[in-house]
Structure formats: C-alpha cells, structure tokens
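Contents: one structure, followed by commentary.
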Amino acid sequence: MPTLHEDAGGNLMWHGVYEWGDLDAAFAEADKIVKIDELHFHRFNSTPLECDGALVEYNRGIGQWTIHTNNQFPVSPRSWMGPRCGRGSTSSGS
C-alpha cells in the first residue's frame, strides 16, 4: 500500500500487543482450571464484531486534526494519534 502522506512516515498509526502477566505462571498457581471447547458470544455482548478503524482529516488552514473513529473510547485514538501527528499525547482539539 502506498504511503498516503510522506511527512507522516507511513500509514500505520499504532500497533501493539496487550499482555497481562505471566500466563504459564497463572495456570501453574491456579487452584482449578476450567477448559471450554467452544464459547458463544451474543452480538449484544461487550465483544464487538467490527474492527476499530479511524479516518483522520487535517485542516492546514487552522492546523487542526479531526479523528473520526468507530470505537467507544474517543480519548484513546487522540492519545495514539498525537505523537504520530507531531503533537504530544495530551494535545487538545477534536
């Protein structure tokens, strides 16, 4: 995929892996381990079916970034995009 804006350095805004401790140690220390072959999550569960995405617009005239995103935590994308857009993670604006 071609880079959309050369001065941004690339199209990837954020990439990460969430890790919460030592899984093997947690299993070793557990009193009981429950194994389930298959889980079904209803679509109204807190587990979304859609992926997160964002569209970012930059207004050069006023120097403002606007982030349109489909998730329910609007402050996080601002924190992720701030450094990528040449601003700190606590930058103000939309």
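The values are calculated or read from the model by the stated rules, or taken from the named source; none is laboratory data. Values in this document were obtained by computation on a predicted structure and should not be read as measured data. Glycine gets a Cβ as well: all are built from the backbone with ideal geometry, and neighbour counts include every protein chain shown. Protein only, heavy atoms only, side chains kept; ligands, DNA and RNA dropped before computing areas. Shrake-Rupley method; radii C 1.70, N 1.55, O 1.52, S 1.80 Å.
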Query raised in the report: If you check every pair at least six apart or on different chains, which have Cβ atoms under 8 Å apart with a residue in the stretch 9-38 that is within 30 Å of residue 81 (Cβ to Cβ) first and a residue that is open to solvent by 100 Å² or more (accessible area, probe 1.4 Å) second?
Result: 11/1; 11/4
Report summary line: Filtering the stretch 54-76 down to residues that are of a type in the set (A, V, I, L, M) and either assigned to a loop (DSSP other than H, G, I, E, B) or touching an Asp or Glu at 6+ places or on another chain (Cβ under 7 Å) (or both) yields 62
Query raised in the report: Counting only residues that are of a type in the set (S, T, N, Q) and modelled with pLDDT of 75 or more, how many does the stretch 31-59 have?
Result: 1
